[in-house]
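What follows is a set of notes on a single structure, which appears directly below.
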Amino acid sequence: TSTVKQSPHLGQAMTASDIKKVDISIGPDGVGLPVGSGNAKTGLKVYEAQCLSCHGAKGQGKPVDALVGGIGSLSSDKPVRTVGSFWPHASTLFDYTRRAMPLQSPKSLTNNEVYAVSAYILFLNGIISEDYELNQGNLAQVKMPNRDGMIDFSKEKSVVYK
Amino acid sequence: TSTVKQSPHLGQAMTASDIKKVDISIGPDGVGLPVGSGNAKTGLKVYEAQCLSCHGAKGQGKPVDALVGGIGSLSSDKPVRTVGSFWPHASTLFDYTRRAMPLQSPKSLTNNEVYAVSAYILFLNGIISEDYELNQGNLAQVKMPNRDGMIDFSKEKSVVYK
Amino acid sequence: SFLALATTPVMALADESVKNDFPAWSTTLGKGLNEYGQPSKFEAGTKRGIAKAYGDLAPGTGSARTPIEKLEGIITPSGLHFDRSHNGTPEIDPSKHQLSIYGLVDKPLNFSVENLLRYPMISRTYFVECAGNSAANIIAPQPIQATAGTLHGLISCSDWTGIPLSVLLKEAGVNPAGKWIVAEGADAAGMSRSFPMEKAMDNAMIALYQNGERVRPEQGYPMRLLLPGWEGNMNVKWLRSLKVTAGPTHTKDETSKYTDPLPNGKARQFTFELGVKSIITKPSGMMKLPSKGLYEISGIAWSGAGKVARVELSTNGGKDWFDAELDGPSQAFCLVRFRAPWTWNGEPAFLQSRAIDEHGNVQPTRAAYKANNAVDGRYHNNTIVTWAVLADGSVQNAYL
Amino acid sequence: SFLALATTPVMALADESVKNDFPAWSTTLGKGLNEYGQPSKFEAGTKRGIAKAYGDLAPGTGSARTPIEKLEGIITPSGLHFDRSHNGTPEIDPSKHQLSIYGLVDKPLNFSVENLLRYPMISRTYFVECAGNSAANIIAPQPIQATAGTLHGLISCSDWTGIPLSVLLKEAGVNPAGKWIVAEGADAAGMSRSFPMEKAMDNAMIALYQNGERVRPEQGYPMRLLLPGWEGNMNVKWLRSLKVTAGPTHTKDETSKYTDPLPNGKARQFTFELGVKSIITKPSGMMKLPSKGLYEISGIAWSGAGKVARVELSTNGGKDWFDAELDGPSQAFCLVRFRAPWTWNGEPAFLQSRAIDEHGNVQPTRAAYKANNAVDGRYHNNTIVTWAVLADGSVQNAYL
Ligand code: HEC
Ligand code: HEC
Ligand SMILES: [Ca+2]
Ligand SMILES: [Ca+2]
Ligand SMILES: [Ca+2]
Ligand SMILES: [Ca+2]
Ligand SMILES: [Ca+2]
Ligand SMILES: [Ca+2]
Ligand SMILES: [Co+2]
Ligand SMILES: [Co+2]
């Protein structure tokens, strides 16, 4: 169904600084992470101010999604899927929190606040220690419990049942 | 492009009186004309009360369509098309006036009023005399100037230009 | 308290958020979910162009034209489907409306809307065009400078669903003498038109749905007649009755109007089928090309006789012609979108499109129409439209 | 005076007008011409069903579902196109919005909306389906009694017009290392999804028009990504950037959600293509057949792999199957309407439809899905839907 079309070439060149402003996505390898750092202790303060009202004390959930728990539950008959139990890459936590949270004021957290609250959520899940200083250099190295839990299905054309 | 479809047969039988209420169309042969009559003299009164404000004194038009004039003009380079000059059948005048006029209160004229105002418009066009009593029996016989002016194109598939 | 904490900076370090790099709509809650969507307020200019035939004296007499130059593809959004009405849009309660079939039939029948919705249906994408579309371009001695929609916007196209009329007629049982039908609307104008039984049995449809949802009020809610390829006025809206007759009824709108006068004083009556036609919508009247360079010429083509086979384009006023690409399947009695790349070199140009249908019918020139019709002839104008591109890039309506 | 005359009966004879035989809307002026039409007030019940995922805490997080049981044909009116949003609908000023293409390209480029509207375009009728459509029918242990739209209404279909993404990517010049793209929206959720370069070059579209007019706010105004046949969430709305990358970005919505967990604790990630699927919309849940007799079974079918080849129907819960008629051309990544006559004899029946696509993919049973997915698996539920017709004519959602 491809269609050959000519282009009128109306795209305007982007400068490096244009790109810097637009680009907020972070790869699983950490590429795109900004300068900054934070640990669970400062993250607790961010969390209580900005997140607790929706995600509950210590990320237990209610009224919205729990951010903690379920590690080891995935092959059980009551799987609990959270950042801690299910997300393969810590980069996703930083990326998503920065772009989308808190819900009523997305993109308002500073980079250090995002590092800190991410550290707090990883700490609550027992993945890093309370004083671990999460930063640009080490975030992608955090070993998430479900790092190897995903099967890449991007080459398959359709889901087929036997 | 026809499609064969079954019918669930949910139509409800209409009685003769149901049909009488629905059916207001009148054929060129006068079939469908109701009992009643009227002449241009009474028609003048109907016209002045109900029509003049839009169609002008003596059907001369302004602000809306003229109802009079143009007889003999059709093959000229300034054709004027009105009830008088262009309409092949008097039945159309009765049918349309009854269903659609006056614009702000359609279907409000009595049958006698429709006969009368139709007679007035035909009289203004010089087609009938001022005291001609138009009725169910003679309306379709009125010889309209353009009775033979129409070419039936209903069998042609498309308009083609040389 | 929570609020106090939320407004106090928690971090000592003066680092940054990305907020300032984003527009407000990326950093604040969006609008909540809603039950029936509307276009963006920034598209408020995409609307029907209203032409009241007699001003405010008759607020519902005239037309609301589709802004074809602002639209793409082949489906007309229902809110922008053209509306040609003779005394406004009735607000019909469907529980108090019915369709009556009577006249030369064995069993005269009434159908409630509720019952009709239970009938087997067909879906077809059909255009509807007013026979008076493009009339100004034939009547006006000098080309009127206006948009494509203003000049040619009495054309729209929808995904219609309804009941083949033949099913209902067979249920009523048509007498052998029944050769015509007069269809009537429940509007204040009591719009009525006659059409031959052959068309009724071939592909006439009682349309109940338009682009998925029930037919819109301005298009005939709760139901309308569709006579694919035939002049818009016959596709009676707010359909209330179908009377089977031996011959045509000669209603006002098949007598006074919608007849085609000839130079010799005679007139063709019962001209139903619309001619093959096309309009370039981009670029078109009142637009301005901002600079030299590559553009796409795009437009719509259709034929009352069936499928469009081909659309040819000229950029030099008809000296040379080349084929446009038809975008998507060409369906019978349906718009097809055509496209072709065009590099504007900055010099004056005359853009024309010429559609050819599956039966070999070709769009005529304006001169051919004028030579074959009375001086005041205006219906069924399917002649080739010319858009002149001036040296400054402005696009004008032109006669060639 | 004129008024006095008008209210005085002119005729002496007590004859009658036809007025009393007609409803008020046939004897009084209709509504005047208008610029943008809306549905009849009598169809106010045809609306999107709102399901806020977190209640009023997040008014723009959740879905507004298409009432598929009230619609016909294959086009979804834009006001009823389903909306699945994660933080509401941004109200974007198109003059302040642009599309940025950067990452592994030779020339990173910004495109204004105005400039994009000048590009050559294509029109395609494509469905969009949320990967979470029909999730309740897989998750709920007992069948929920609700309408087809409530249960399966995250599916819609439009005539989309836009720019092949390949044209813009070629203009930017993709580096050989660029194998994926992450698309981002300008909404408050900053929706972002990764997709392979192969899809981008094959048939991805930047859609600017939906059913003729510009894309609606809830569907991504001023532009959205369309990845024909792939899960709805990837068709990023309010598209602001495309970053060419070596691999997938693992965004939240391709990690936490829209992955397909298996019974063994692993999960399939990057499951993009939607399965072949069909839903009977008439009759369907919460309806009631008023009496024995002939009905039309009608519904919609589609496949993320291309064209639907065939739709089979069963009225006895899958013991016997027969072919439905496909109404209109079956197009790739597009709904097709299917129909078949059915005479209800007044006894309980189990209506099922089973679509088969051009590649031979067949809709699976609910049992097959359950056996192959984790207990909480819910995405890509394309299993056969069963509507039970009870002896009293009421139609219920059932698991078979
Ligand atoms: C006003 C309510 C609200 C606040 C405050 C809030 N969130 Fe959320 N959060 C949500 C909602 C709603 C979602 C689900 C969004 C969706 O449907 O895509 C969510 C989703 C998330 C997720 C994804 C969970 C998953 O498993 O998919 C993370 C992580 C998250 N929030 C982190 C945070 C952090 C960190 C903060 C504070 C900085 C925060 N949230 C503040 C409402 C909130
Ligand atoms: C308030 C204005 C108004 C009044 C009052 C009115 N008319 Fe009309 N008349 C119109 C309009 C507007 C049209 C054109 C309707 C259309 O576009 O279909 C028309 C059309 C006609 C036509 C068709 C003319 C043609 O050549 O096509 C006839 C005949 C007619 N009117 C007769 C009458 C009669 C008889 C009365 C009074 C009983 C009347 N009208 C009162 C506004 C009016
Ligand atoms: Ca940045
Ligand atoms: Ca009667
Ligand atoms: Ca909308
Ligand atoms: Ca005609
Ligand atoms: Ca409308
Ligand atoms: Ca998926
Ligand atoms: Co991974
Ligand atoms: Co005749």
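The values are calculated or read from the model by the stated rules, or taken from the named source; none is laboratory data. In this text, all values refer to a predicted model and were calculated from it rather than measured experimentally. So basically every Cβ, Gly included, is an ideal-geometry build from the backbone, and we count neighbours across all protein chains shown. To get the accessible areas, we keep the full protein, side chains included, count just its heavy atoms, and leave off ligands, DNA and RNA. Shrake-Rupley method; radii C 1.70, N 1.55, O 1.52, S 1.80 Å.
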*Return the pairs, sorted by first residue and then second, in which the second residue is in a helix (DSSP H, G or I), the first residue lies in region D:41-58 and is closer than 15 Å to D:ASN87 by Cβ, the beta carbons are less than 7 Å apart, and the residues are 6+ apart or on different chains.*
D:LEU57/A:CYS54
_Tell me whether region D:139-150 contains one or more residues that are more than 16 Å from ligand 6 (Cβ to nearest atom) and under 23 Å from D:PRO90 (Cα atoms)._
no
*Mind checking which residues of region A:106-122 are over 22 Å from D:MET191 (Cα atoms) and either surrounded by fewer than 24 Cβ atoms within 10 Å (Cβ to Cβ) or within 16 Å of ligand 3 (Cβ to nearest atom) (or both)?*
A:ASN112
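Would you pick out the residues in region C:155-185 that are of a type outside the set (D, E, K, R) and over 30 Å from D:PHE22 (Cα atoms)?
Keep residues of region C:155-185 that are of a type outside the set (D, E, K, R), which gives C:155-158, C:160-169, C:172-178, C:180-183, C:185.
Answer for region C:155-185, where residues must be of a type outside the set (D, E, K, R) and over 30 Å from D:PHE22 (Cα atoms): C:ILE155, C:SER156, C:CYS157, C:SER158, C:PRO176.
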*Among residues of region B:13-30, those that are assigned to a loop (DSSP other than H, G, I, E, B) and free of Cβ contacts under 8 Å to residues at least 24 places away in the same chain, counted*: 3
*asked:* Yes or no: region C:135-147 includes at least one residue that is in contact with a helix residue (DSSP H, G or I) (Cβ under 7 Å, 6 or more places away or on another chain) and within 25 Å of C:ASN87 (Cβ to Cβ).
replied: yes
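For every residue, the table says whether it meets (1) more than 19 Å from D:GLY132 (Cα to Cα); (2) within 9 Å of another protein chain (Cβ to nearest Cβ); (3) in contact with a Cys (Cβ under 8 Å, 6 or more places away or on another chain).
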| position | (1), (2), (3) |
| --- | --- |
| D:MET287 | yes, no, no |
| D:SER291 | yes, no, no |
| D:GLY328 | yes, yes, no |
| D:THR383 | no, yes, no |
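Please go through region C:53-80 and give me each residue that is of a type in the set (Lys, Arg) and under 15 Å from C:ASN133 (Cα atoms), ordered by number.
Narrowing region C:53-80 to residues of a type in the set (Lys, Arg): C:65, C:70.
Result: C:ARG65, single match.
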*Inside region D:34-52, can you point out the residues that are open to solvent by less than 60 Å² (accessible area, probe 1.4 Å), more than 15 Å from the chain's Cα centre (by Cα) and more than 7 Å from chain C (Cβ to nearest Cβ)?*
D:GLY45, D:ALA51
*May I ask you to list the residues in region B:128-147 that are within 21 Å of B:THR82 (Cβ to Cβ), more than 14 Å from the chain's Cα centre (by Cα) and open to solvent by 30 Å² or more (accessible area, probe 1.4 Å)?*
B:SER129, B:GLU130, B:TYR132, B:PRO145
*asked:* Is it the case, given these coordinates, that C:ALA309 is among the hydrophobic types (A, V, I, L, M, F, W, C), over 30 Å from C:PRO196 (Cβ atoms) and open to solvent by 10 Å² or more (accessible area, probe 1.4 Å)?
replied: no
*Is one or more of the residues making up region D:307-326 within 14 Å of chain A (Cβ to nearest Cβ), at negative phi and of a type in the set (D, E, K, R)?*
yes
*asked:* Going through B:LYS62, B:LYS41, B:LYS21, B:LYS58 one at a time, which residue ends up being modelled with pLDDT under 95 and either among the β-branched types (Val, Ile, Thr) or more than 16 Å from ligand 8 (Cβ to nearest atom) (or both)?
replied: B:LYS62
*Determine if region C:70-85 includes at least one residue that is within 7 Å of chain D (Cβ to nearest Cβ), under 30 Å from D:ASP21 (Cα atoms), open to solvent by 10 Å² or more (accessible area, probe 1.4 Å) and among the charged types (D, E, K, R).*
no
*Search region C:266-281 for residues being touching a Gly at 6+ places or on another chain (Cβ under 7 Å) and at the interface with another protein chain (Cβ under 9 Å from one of its Cβ atoms), and hand back the single one that is farthest from ligand 1 (Cβ to nearest atom).*
C:LYS266
_Contact list please: Cβ distance under 7 Å, first residue in region D:259-270 and in contact (Cβ under 8 Å) with a residue 40 or more places away in the chain, second residue among the aromatic types (Phe, Trp, Tyr) and more than 16 Å from ligand 5 (Cβ to nearest atom), pairs at least six apart or on different chains._
D:ASP260/D:TYR379; D:PHE270/A:PHE153
*Just checking, which of A:LEU74, A:LEU10, A:LEU44 is in a helix (DSSP H, G or I) and either hydroxyl-bearing (Ser, Thr, Tyr) or open to solvent by 10 Å² or more (accessible area, probe 1.4 Å) (or both)?*
A:LEU44
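Would you confirm, using the coordinates I've provided, whether C:SER156 is within 30 Å of C:ALA305 (Cβ to Cβ), within 14 Å of chain D (Cβ to nearest Cβ) and either among the basic types (Lys, Arg) or touching a His at 6+ places or on another chain (Cβ under 6 Å) (or both)?
Values: within 30 Å of C:ALA305 (Cβ to Cβ): yes; within 14 Å of chain D (Cβ to nearest Cβ): yes; either among the basic types (Lys, Arg) or touching a His at 6+ places or on another chain (Cβ under 6 Å) (or both): yes.
The answer is yes for C:SER156.
Pick out, from region C:191-304, the strands (runs of 3 or more DSSP E) lying fully within it that include 3 or more residues that are open to solvent by less than 10 Å² (accessible area, probe 1.4 Å) and within 16 Å of ligand 9 (Cβ to nearest atom).
In region C:191-304, there are no strands (runs of 3 or more DSSP E) which contain 3 or more residues that are open to solvent by less than 10 Å² (accessible area, probe 1.4 Å) and within 16 Å of ligand 9 (Cβ to nearest atom).
Do you know which of the residues in region D:88-115 that are within 27 Å of the chain's Cα centre (by Cα) and more than 8 Å from every other protein chain (Cβ to nearest Cβ) is nearest to D:HIS380 (Cα to Cα)?
Only one residue fits best here, namely D:LEU99.
Within region D:340-354, is even one residue touching a helix residue (DSSP H, G or I) at 6+ places or on another chain (Cβ under 6 Å) and not hydroxyl-bearing (Ser, Thr, Tyr)? Talk me through it step by step, then tell me what you get.
We begin by selecting, within region D:340-354, every residue touching a helix residue (DSSP H, G or I) at 6+ places or on another chain (Cβ under 6 Å); these are none.
Taking every residue of region D:340-354 in turn, none turns out to be touching a helix residue (DSSP H, G or I) at 6+ places or on another chain (Cβ under 6 Å) and not hydroxyl-bearing (Ser, Thr, Tyr).
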